[in-house]
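The values are calculated or read from the model by the stated rules, or taken from the named source; none is laboratory data. No experiment lies behind these values; they were computed from the predicted model shown. We place every Cβ from the backbone using ideal geometry, glycine too, and count neighbours over all the protein chains shown. For accessibility, only protein heavy atoms count, side chains too; no ligands or nucleic acids. Shrake-Rupley method; radii C 1.70, N 1.55, O 1.52, S 1.80 Å.
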Amino acid sequence: MPPVERALLVCVEWRRDGWEADASLEELAQLARTAGVEVVGTVTQRLPHPHPQHYVGPGKLRELLTMRDQLGYTLLLADDELSPAQLRHLEDTLQVKVLDRTALILDIFARHARTREGRLQVELAQLEYRLPRLTRMWTHLSRQAVGGVGLRGPGETQLEIDRRRARERIAWIRRQLEEVREHRARYRQRRRQNRLPVIALVGYTNAGKSTLLNALTGADVLAADKLFATLDPTTRRLRLSDSQVALLTDTVGFIHKLPTTLVAAFRATLEEILDAHLLLHVVDITHPKAAEQAAAVRQVLRELGADRYPTITVLNKIDRLEPTIDPDRLARELDIPTNAVFVSAATGYGLETLRDRIARTLRDIATPRAVQLLIPYREQRLIATLEEHGIISERRYLAEGILLRARLPNSLLPRLEPFLAPSVDDA
């Protein structure tokens, strides 16, 4: 069994995103422990921005070198994504392995991916992250001399070979994931034909989404008290209090400074969110950074274009609150919607109230609404979806697009918002 790596955590405090360095480092420490790494110390430095060559300032770099001999750390973990130059300079100076937050998260994802799709998504994110950083791996290799009749000039460097192979692998994975995406699209089309509403669980990692899925549907999805315990989406049938049936989908958890490569690689999985009629935003109400975690989730939803979807905020783990704490007052202090539902997925508290809220919201979403839309000609494929789910009463072909009057379910409106023209009467 390989020895446990000993890590020193380092954070440059320069962002203005509501996260103090201590809180961000605590989350980085939790990520490190999830990856099986022993944390032996932390270092912070306040700078206007990270040093372009070695992330921390020159003085702090000398301090890190001294701490290497004192603490015996073998791994330096940076709380921000490092550039290739920063990685190279830190490794050359400290003579230890250096990883940034992105590389650590990618490693955890690689450990926890179970399905073929999940493994492909993680490998794609890893390759796209590593490709611009290959320079530091092969600086000791010189050009390979290639002789012989009919062969001209020097051959490829090992770096060029490695880059070419990485690009070829990236292209192959993207083709495979496109097939997965098309398969998911066909599956979602069948779901739409069955007319079952879809609910997506979203939230910060370790907020309790999988536990809530199990509690509401009787599923047996892995639910563990660690970051990114489950990556692959799971869908189960949910029976509501008014005998309605819906599909409840658990999605990958979000995190502060979620790597953009992961958002791109997990596009096929995250499209489950875009296809949902309703989002359940699960928040760990007991976490000291609950407000910041909720804001991080909303930011990712904005990036996905799902920030205006009908959403119920679910404040989970209420059973862990101190008896003296007023949950409603706490929610107000955390700037969380006042109509949030308090639950304990572990004990079952509040689940019936949540079922009732889901049922009422789905009924409201299904209520038709009269709208006027201006669909650009490049987007006219949307019209088939509108005809499938609603009634188009009038269409006019204008220079700038197709003007439609229609009665559509509220569930379609978030994705149609860019095309809404001045409203029409419901009469």
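Summary of computed values
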| item | result |
| --- | --- |
| Sparsely packed GluC sites (Glu not before Pro) within the range 4-72, loop by DSSP, other Cβ within 10 Å at most 15 | E20 |
| Candidates per chymotrypsin sites (Phe, Trp or Tyr not before Pro) in the range 4-104, loop by DSSP, up to 14 other Cβ within 10 Å | W14 |
| Estimated FRET transfer efficiency when R0 is 45 angstrom, pair R181-Q70 (beta carbons, to 0.05) | 0.35 |
| Accessible area of the range 289-403 belonging to carbon and sulfur atoms, whole % at 1.4 Å probe | 47 percent |
| Förster radius 45 Å - calculated FRET efficiency between E387 and E160, Cβ distance, rounded to 0.05 | 0.30 |
| Where the range 28-119 is the region considered: accessible area per residue in Å², 1.4 Å probe | 44 Å² |
| 5 angstrom amide H check on F254, placed H, neighbours 5+ away | G203, Y204, T205 |
| Convex hull volume of the range 50-116 per residue (C-alpha atoms, cubic angstrom) | 92 Å³ |
| Stretchable slack from T93 to A29, in nm (0.36 nm times residue separation minus alpha-carbon distance) | 20.7 nm |
| FRET efficiency, 1/(1 + (r/R0)^6) with R0 35 Å, evaluated for R396 and Q244 via beta carbons | 0.40 |
| Cβ-based net charge around D22, under 13 Å, with every Lys or Arg adding one and every Asp or Glu removing one | -4 |
| Semi-axis lengths, Å, the range 315-427, gyration tensor of Cα atoms, sqrt of 5 times eigenvalues | 42, 15, 12 |
| Estimated distance in nm for a label pair at T338 and I170, the labels positioned 7 Å out from Cα along Cα-to-Cβ | 5.0 nm |
| Sequence-separation-based contact order of the range 298-352, relative, with Cα cut under 8 Å and 6+ spacing, percent | 36 percent |
| Sorted peptide list for 313-322, 396-405, criterion being average Cβ within 10 angstrom, highest first | 313-322, 396-405 |
